[in-house]
Amino acid sequence: MGSRLKIGKIDPELLKALISDFTGTGNRVLIGAGIGEDAAIIDMGNRYLVAKTDPITHVTHELGHYAVNINANDIAAMGGKPLWFLATILMPASATAEALRRLFSQLSVSCESLGIIYCGGHTEVTHSVNNPIIIGQMLGEVPRANLKPTSAACEGDALIMTKTSAIEATAIIALEKERELKGHLKAHLITRAKNYLYIPGISVVREADVIASMEGVHALHDPTEGGIATGIFEMATASNLGVEVYHDSIPISEETQVMCDFYDVDPLGTFASGSLLIAASPSSSEDVIGRLSAVGIHATRIGVMTHPQQGMRLIKDGKRVPLPVYYQDELSKIFG
C-alpha cells in the first residue's frame, strides 16, 4: 500500500512526478501543468487562450462568489482577462431547489460584476458530498506581450504584494466562526472581517489589469491555499530562483492578526486570495507601486528574488531563517 496523502496541497515532489508522467503540452500548449503556474496557456494565433479550473471546497457562505473570483484571479495572474466561466455544481442529497437557485444567482452576479459570461457547466445531486461543491473553469485571453507567468521572475527582481496577508482566510474565519468569536472579539472587528470578501476583496483582477502591460513586470502569482509564504515559495520554485523575504514588511490587518492569534494561525500560511504577488525589475518597482496606489490599491515591497544558491529565506527579528512552506493550510487547525 502507498503512503496516505495528507489534507491540503500535494507534496511538490510527488506532484512534480505526476505532472511529468501523465501530462503533456502537444504543439500548441505554451504553458501546461506546472508547480506554481496559475493557468494553462494555449496558442491561438495572435493571442493566447488562458485556461484554469479550481474547486471551492472549504466554505459554505458565498460559495458562488468564491468560485468565480478564485478562478478569475488565476487568469488575471497570467496577465490575462477572464471572459468565460463554466461550473460543475455538486449538491448533497439534502439540498433544496432554493439552495441551488441561490448558488446559480451568486455565480451569475459575480460573473456580471467582472464582465464574465457564465456560459455552461454541469449540475447534479450526489451522495458523494456532504456540502455543496463548485468546481469552476475559467477561460480568458491574453495578448502575447502581456503574458506574465509565475515562472518568469528574474534574479534581482523586487518582490511586491498588494493589499494585506490572509484576506480570504480572515473572511472565512469570520463567516464560519462568527458565533464562536462573539464574546471574545470586538463586534466591529468581526463585522469588518465578514465583509473582507468585498472590502478589501478576494479579487486581484483589477490590480493585475493595471500592471499587466508593464515591461518591467516579469511575473505575477495568485497566492491561495498555504498563504503568502507558500505563494512566494511557488514563484521562486517555478522561476528556479531563491528569495529573501522581509517579514516585518508584510502588511497584516488588525482584523487578520486578531483572528489568527485567537486560533493560533500563522497569517503567512493561510488562504491568501485577494493579494497579488509581483516580481518586477528594481527600476520598475516604484512605478508599479505608484500605478497601483493611483487606483486605490496598496502595494508593498516585501523582498527580492535571488540566485538559487542563496535559497529561500525569511528575515525575521534580525535573523535569516528558512522561508516556511505550508502544504497544509493553517485553517486546518480550525476546520480540520
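The values are calculated or read from the model by the stated rules, or taken from the named source; none is laboratory data. These numbers come from a predicted model, not from an experiment. Backbone-built Cβ (ideal geometry, glycine too); neighbour counts: all protein chains shown. Remember, those area values only see protein heavy atoms, side chains included, never the ligands or the DNA or RNA. Shrake-Rupley method; radii C 1.70, N 1.55, O 1.52, S 1.80 Å.
Brief remarks on what is shown
- Accessible surface, per residue, of the chain when the full set of protein chains is kept, probe 1.4 Å, Å²: 46 Å²
- Cut-off 19 Å, label 7 Å out along Cα→Cβ of Ile19, residues of the range 252-289 by amide N: 277-279
- By the Kirkwood approach, averaging reciprocal distances over each pair of separate Cα atoms, the range 1-57 gets a hydrodynamic radius of 13.3 Å.
- Shape class for the chain, computed from the alpha carbon gyration tensor (a ≥ b ≥ c): rounded, with a/c under 1.5.
- Near-label residues of the range 107-151 by backbone N, under 14 Å of a point 7 Å along Cα→Cβ of Ala93: 125-131
- Cross-linked pairs Lys194/Lys333; Lys163/Lys186; Lys177/Lys316; Lys6/Lys81; Lys9/Lys316; Lys163/Lys319: Cα-Cα separations exceed 27 Å for Lys177/Lys316; Lys6/Lys81.
- Positive minus negative residues near His58 (Lys, Arg vs Asp, Glu; Cβ under 10 Å): -4
- Over all Cα atoms in the range 127-237, the spread is summed up by Rg and Dmax: 17.5, 53 Å.
- Radius of gyration (Cα atoms) of the range 152-310, expressed as a multiple of 2.2 N^0.38 Å: 1.05.
- Fraction of accessible area attributable to carbon and sulfur, the range 193-297 (%, probe 1.4 Å): 47 percent
- Per-residue ellipticity at 222 nm from helix content only, as computed over the chain with -39500 (n - 2.57) for each DSSP H run of at least four residues, stands at -9500 deg cm²/dmol.
- Peptides ranked, highest mean first, by Cβ atoms within 10 Å: ranges 143-156, 235-248, 63-76: 63-76, 235-248, 143-156
- More than 15 Å apart - percent of Cα-Cα pairs taken over the range 246-336: 70 percent
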